[in-house]
There are 2 protein chains.
Amino acid sequence: MSYEQDRHSNHISQSFNEELEQIRTELLTMGGLVERQLSDAVEALVAGDTEKAEQARKSDQAINDMEMMIDEQCTLIIARRQPAAADLRLIISVSKATSDLERIGDETSRICRYAIELANDGKNVRGYQEVRHIGNLVRDMLQNCLTAFARSDAEMAYKVAKQDKEVDSEYRTAMRSLMTYMMEDPRYITSIMNVMWILRGLERIGDHARNMAEHLIYLVSGTDVRHSSLKDIKRTVREVEQKK
Amino acid sequence: MSYEQDRHSNHISQSFNEELEQIRTELLTMGGLVERQLSDAVEALVAGDTEKAEQARKSDQAINDMEMMIDEQCTLIIARRQPAAADLRLIISVSKATSDLERIGDETSRICRYAIELANDGKNVRGYQEVRHIGNLVRDMLQNCLTAFARSDAEMAYKVAKQDKEVDSEYRTAMRSLMTYMMEDPRYITSIMNVMWILRGLERIGDHARNMAEHLIYLVSGTDVRHSSLKDIKRTVREVEQKK
């Protein structure tokens with residue numbers, strides 16, 4: 001029996017089903033906010049647009065509020081509905097994914113702060129191309145994560161885990177170039193450091209997106225794939241596909 | 001009625017009580033591992049002891065395993081025992097604290113890697129005193145967190161939240177000094193960058209310890225104090241004390 005069949009056949013209450021679907025929808029709404037914040041932050045940085053960066057930084061509050069609200073609903077559903085099996089997994093994975101989204105929001109707010117500092121410095125710093133490139137990669141990961149949650153799509157989640165490897169590799173290359181620029185011209189040390197913190201933040205966002213993907217795979221398969229190799233994740237996902 | 005009275009009077013099953021106490025005990029055991037890893041990492045760095053750093057790095061595996069094991073137990077208890085109120089809060093806060101401990105373990109493993117690089121570089125780099133100082137502060141925070149969980153002590157958790165402010169301020173001062181050293185002598189850029197990453201890791205460990213403290217306050221008070229000011233946390237903790 002597939003995950004979706006299992007989930008919809010095992011409990012009778014229509015309103016329970018609705019409550020469960022609601023927390024998933026709220027996760028997606030929160031994800032949309034975070035995704036928007038992340039695009040705005042990267043655009044603001046590259047354009048030197050401090051106002052946009054300031055706006056994006058402020059959406060952190062709304063994101064934090066959503067985290068607490070979703071968590072509270074998860075707790076209420078557990079207490080009232082006594083969920084088990086796939087229902088409980090949905091609640092747990094939504095709650096954990098929410099926490100990763102909140103941390104992505106935190107990293108993004110920090111990126112906004114560095115973007116503002118860099119714009120105020122007014123220097124023409126290297127590394128923006130790398131930021132834009134890695135920024136696009138992690139935004140794509142985040143979008144894929146949300147799609148995976150929307151469709152209970154383990155294959156898509158596996159793709160996110162693979163993308164994280166690519167981000168890590170691009171990140172290392174970018175950091176090496178920045179280190180070289182820094183040594184060539186120490187006048188730019190402060191600005192390049194800011195670009196480095198931004199890249200580090202983006203790399204961490206990639207890690208959180210990967211965590212979210214792992215939570216989705218747990219939801220769909222019942223297997224906890226945290227700290228697993230890509231190969232093991234692939235095997236788990238293939239088993240899910242075969243059961244369909 | 002205090003939190004402890006509430007928890008022990010509201011359910012009849014002795015074995016349920018034991019299961020709940022067991023996950024708390026396991027959280028503390030996992031916390032002990034992480035605390036040890038963190039002390040070893042900082043000592044290894046300051047002494048340039050690559051073997052010790054390598055050892056500490058490896059304990060990451062055991063920490064990850066404990067995270068998954070505790071999480072599985074939490075899920076099982078929810079599915080079988082249908083906990084509510086303070087029991088459910090215990091499970092939720094243990095599960096969340098476990099996740100923060102795992103991230104502290106991650107940061108510490110990364111610190112070990114930088115410590116090994118620094119030892120292999122063999123240069124006499126500045127910033128070690130700051131690392132030792134901030135390292136001691138965050139280790140102390142972590143110890144206090146674990147004590148707070150062991151004793152359901154909200155006052156102690158509030159102390160941890162306060163300590164995080166101190167860590168943030170010391171971190172900023174240390175980073176400013178390191179930036180100055182870097183500009184004075186660009187030959188040390190690579191090594192100083194490594195020290196900076198270590199300091200950043202320690203600062204993040206402080207954030208995770210603060211998160212843990214907030215989970216404990218939620219457990220004891222029922223109030224979610226994430227994203228709250230120190231003043232609001234203090235008020236919540238005072239209300240807990242008054243109910244005792």
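The values are calculated or read from the model by the stated rules, or taken from the named source; none is laboratory data. Bear in mind the structure is a predicted one, so any value in this text is a computation, not a measurement. Here the Cβ positions follow ideal geometry from the backbone for every residue, glycine too, while neighbour counts run over all protein chains shown.
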Looking at (1) surrounded by fewer than 18 Cβ atoms within 10 Å (Cβ to Cβ); (2) modelled with pLDDT of 95 or more, find the lone condition where A:Gln163 falls short.
(1)
From the options A:Arg103, A:Arg172, residue that is closer than 29 Å to A:Lys234 by Cα, surrounded by fewer than 17 Cβ atoms within 10 Å (Cβ to Cβ) and either of a type in the set (Val, Ile, Thr) or out of contact with any strand residue (DSSP E or B) (no Cβ under 7 Å at 6 or more places or on another chain) (or both):
A:Arg172
What tally of residues in the range B:211-229 results from selecting those that are more than 20 Å from A:Ile63 (Cα to Cα) and more than 17 Å from the chain's Cα centre (by Cα)?
3
Only one of these conditions is not met by B:Gln61: (1) surrounded by fewer than 19 Cβ atoms within 10 Å (Cβ to Cβ); (2) within 14 Å of another protein chain (Cβ to nearest Cβ); (3) touching a helix residue (DSSP H, G or I) at 6+ places or on another chain (Cβ under 6 Å). Which number is it?
(3)
Sort through A:Asn211, A:Asn124 and tell me the only one that's under 30 Å from B:Ser191 (Cα atoms) and of a type in the set (S, T, N, Q).
A:Asn124
Restricting attention to the range B:192-243, report how many residues are over 18 Å from A:Met193 (Cα atoms), free of Cβ contacts under 8 Å to residues at least 60 places away in the same chain and either within 12 Å of chain A (Cβ to nearest Cβ) or not small (Gly, Ala, Ser) (or both).
14
Say we look at the range A:149-159 and pick out the residues that are of a type in the set (Gly, Ala, Ser) and under 17 Å from A:Lys243 (Cβ atoms); which of these is nearest to the chain's Cα centre (by Cα)?
A:Ala157
Among the residues of the range B:81-92, write down those that are at pLDDT below 95 and of a type in the set (Lys, Arg).
B:Arg81
Residues (more than 8 Å from chain A (Cβ to nearest Cβ) and touching a helix residue (DSSP H, G or I) at 6+ places or on another chain (Cβ under 7 Å)) located in the range B:65-82:
B:Met66, B:Ile70, B:Gln73, B:Cys74, B:Ile77, B:Arg81
Conditions first: (1) crowded, with 20+ Cβ neighbours inside 10 Å; (2) farther than 24 Å from A:Arg103 by Cβ; (3) under 17 Å from the mean Cα position of the chain (by Cα). B:His208 passes all but one, so which condition is the exception?
(2)
In this structure, does B:Arg235 turn out to be modelled with pLDDT of 95 or more, farther than 18 Å from B:Asp168 by Cα and among the basic types (Lys, Arg)?
yes
Being crowded, with 24+ Cβ neighbours inside 10 Å and in contact with a Lys or Arg (Cβ under 8 Å, 6 or more places away or on another chain) is the filter here, so list the residues in the range A:219-244 that pass it.
A:Leu219
Please enumerate the residues belonging to the range B:78-96 that are in contact (Cβ under 8 Å) with a residue 60 or more places away in the chain and within 25 Å of B:Val34 (Cα to Cα).
B:Arg89, B:Leu90, B:Ile91, B:Ile92, B:Ser93, B:Val94, B:Lys96
For B:Arg113, only one of the following conditions fails: (1) over 30 Å from A:Gln73 (Cβ atoms); (2) facing chain A (nearest Cβ under 9 Å); (3) not hydrophobic (A, V, I, L, M, F, W, C). What is its number?
(2)
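Quick grid of which residues meet (1) away from every other protein chain (no Cβ under 14 Å); (2) at pLDDT 95 or above:
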{"position": "B:Val94", "(1), (2)": "no, yes"}
{"position": "B:Leu101", "(1), (2)": "no, yes"}
{"position": "B:Ser109", "(1), (2)": "no, yes"}
{"position": "B:Asp140", "(1), (2)": "yes, yes"}
{"position": "B:Ala148", "(1), (2)": "yes, yes"}
{"position": "B:Ser152", "(1), (2)": "yes, yes"}
{"position": "B:Tyr171", "(1), (2)": "no, yes"}
{"position": "B:Ser177", "(1), (2)": "no, no"}
{"position": "B:Thr190", "(1), (2)": "no, no"}
Can you go through B:Gly135, B:Gly122 and tell me which one is crowded, with 22+ Cβ neighbours inside 10 Å and out of contact with any Pro (no Cβ under 7 Å at 6 or more places or on another chain)?
B:Gly135
Among the listed residues B:Gly127, B:Gly135, B:Gly105, B:Gly122, identify the single one that is within 14 Å of chain A (Cβ to nearest Cβ), out of contact with any Cys (no Cβ under 6 Å at 6 or more places or on another chain) and of a type outside the set (A, V, I, L, M).
B:Gly105
Scanning the range B:48-58 for residues that are under 18 Å from B:Leu101 (Cα atoms), in contact (Cβ under 8 Å) with a residue 24 or more places away in the chain and exposed (fewer than 15 other Cβ atoms within 10 Å of the Cβ) gives none
Run down A:Leu45, A:Leu28 and say which single residue is of a type in the set (A, V, I, L, M), over 15 Å from B:Ile92 (Cβ atoms) and buried (at least 23 other Cβ atoms within 10 Å of the Cβ).
A:Leu45
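Yes/no matrix, rows are residues, columns are (1) farther than 25 Å from A:Leu199 by Cα; (2) β-branched (Val, Ile, Thr):
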| position | (1), (2) |
| --- | --- |
| A:Ala53 | no, no |
| A:Ile78 | yes, yes |
| A:Ala84 | yes, no |
| A:Ser99 | no, no |
| A:Cys112 | no, no |
